[in-house]
Amino acid sequence: MKKFSQDFKILVFGQIISIFGASILRFALSLYVLDLTGSATIFGTIMGLSVVPTIFLSPIGGAIADRFDKKKMMVILDFCSSALIIIFAIMLLSGNVTVLSIGILLMGLTLISSMYQPAVQSSIPVLVTNEQLLKSNGIISGVMSMANFVGPIAGSLLYSFMGIKIIVIASALLFLLAAVIELFMKIPYEKRPPEPFIQMVTKDLKQGAFYIIRENRFILKSIIVAFVVSLFIAPMFFVGLPYMIKVLFNMPDTFFGFTQSGISISIIFSAMTIGLLKSKIRSDNLYLWVLGCAGIYFGMALGTSGLVESSFTKYIVVTISSMLVMFALTVINIYLNTIIQEKTPKDLLGKVMSIQTAAATTAVPIGQILFGFLVDSFSATIYLLIVIVGIFTLIISFMVKQVYKVKNVQRAV
């Protein structure tokens, strides 16, 4: 990171502290709820509902990020996260915590995150050069992936040895530390005349939507691609993977943990090496990455069919295939974010990025529900479902090729 500015380094460091703190806290709370209720369903419902604010509030957060000082936004929101967790800690220490209060805490943190992330995403192009943009997005994505990998491990260990109270207090201190560190960051900011909040948000959202739909259809197509990938390809790893490993292959829980760790490592590796792949990734060959995913799915279908008898062999095929697909999907996701950032005017970045986030977030639960139904329907012949996913992925690759033809890219520049 020697070539990056000091302000970008502070941004990354603040992200590391706050994201790791949030990841550890969320996983530890899941274990705590299981101890309180003995029901994974209750926590699953709470976690599902906690995502809802992201869908509706991300665009608002983007509009605010374009209007206000991004540095102040991040500092204030990290302070708010710390304050919210401190209030929960007081309730915990006094013995007044309920499942409902945990749900409110998680929704509150998600609400804050839906305002915080657009500020981070729209700050990156301001703090780095265009040549550094792809690698910068890889670093931020890598931090989030690393948190998702290390967070559950650290959360389970800390919960076992120290208990939920220490974790909650430590999380509050981590958010506080992140806010203090971000005070030393400088992000260029051009002050605008004050307007009534609702009028401002409504006008800015219309402006962002108009820009995407009318002025830059290239970005609209990029957002549609991200939505379709989240809808048809990603759900395999949220719904299909655990069902295959734990139910169809009858493998121990530890093996599912190995697969999750392998996928996390694959995502981290992809995010950390995307800077080295920069010369090999272009808009007009992005479809090849999706086409590669289709080929991997067809191989996975063959490896889980009746031609292979050993459950362990099927498990290995599914695990390796999943790691390869997630490597490619991470490359695609980071590259799409970079394209959107490069093509969007700085004063519209927050709005456009938050609309993209809301679209991708909306697609995930829809895809999970759809895929859950399909998994039940194809449980006896799961390889046929994988073939169908492969065919859809193949179709998506042709769609991506059409969207990112060279003439379209040139017209968008």
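Any read-out appearing in this document is the output of simple, stated calculations on the displayed coordinates, not a laboratory observation. Since we're looking at a predicted model, the values are computed, not measured. Please note: Cβ atoms are built from the backbone with ideal geometry, for glycine as well, and neighbour counts cover all protein chains shown.
Here, the chain yields an orientationally averaged convex hull projection of 20.4 nm² when only Cα atoms define the hull.
Quick note on the range 206-412: its Rg to Rh ratio, both from C-alpha atoms and Rh being the Kirkwood radius, is 1.00. Considering helices alone, the calculated mean residue ellipticity of the chain at 222 nm is -27500 deg cm²/dmol, with DSSP H runs of length four and up weighted by -39500 (n - 2.57) and normalised per residue. Excluding residues fewer than 8 places away in the same chain, name every one of the lysines whose C-alpha is closer than 29 Å to that of LYS314. Partners within reach: LYS246.
All other residues whose Cβ lies under 14 angstrom from that of LYS186 are scored, Lys and Arg at +1 and Asp and Glu at -1, for a net of 0.
Checked against a 21 Å cut-off, the cross-linked pairs LYS278/LYS346; LYS72/LYS278; LYS280/LYS405; LYS72/LYS206; LYS280/LYS346; LYS71/LYS203 give Cα-Cα distances beyond that limit for LYS278/LYS346; LYS72/LYS278; LYS72/LYS206; LYS280/LYS346; LYS71/LYS203. Taking other Cβ atoms within 10 Å as a rough exposure proxy, VAL126, VAL290 sort from fewest to most as VAL126, VAL290.
Hydrophobic long helices, here whole DSSP H runs in the chain with Kyte-Doolittle means of at least -0.5 and Cα atoms spread over 20 Å or more along the helix axis, are found at 6-37, 52-67, 70-93, 99-127, 130-162, 164-182, 217-232, 253-273, 286-303, 311-343, 349-377, 382-403.
Once R0 is set to 22 Å, what does the formula 1/(1 + (r/R0)^6) return for the Cβ-Cβ distance between LYS401 and THR129, expressed as a FRET efficiency to the nearest 0.05?
Working: r = 29 Å, r/R0 = 1.33.
The pair LYS401/THR129 has a calculated efficiency of 0.15.
Put a dot 7 Å past the Cα of LYS278, heading toward its Cβ, do the same for ILE198, and the two dots end up 4.6 nm apart. Extending 7 Å from Cα along the Cβ direction at LYS72 and again at SER379 yields two label points whose distance is 5.6 nm. Computed extension gain for LYS191 through MET107, at 0.36 nm per residue and net of the alpha carbon distance, reaches 27.2 nm.
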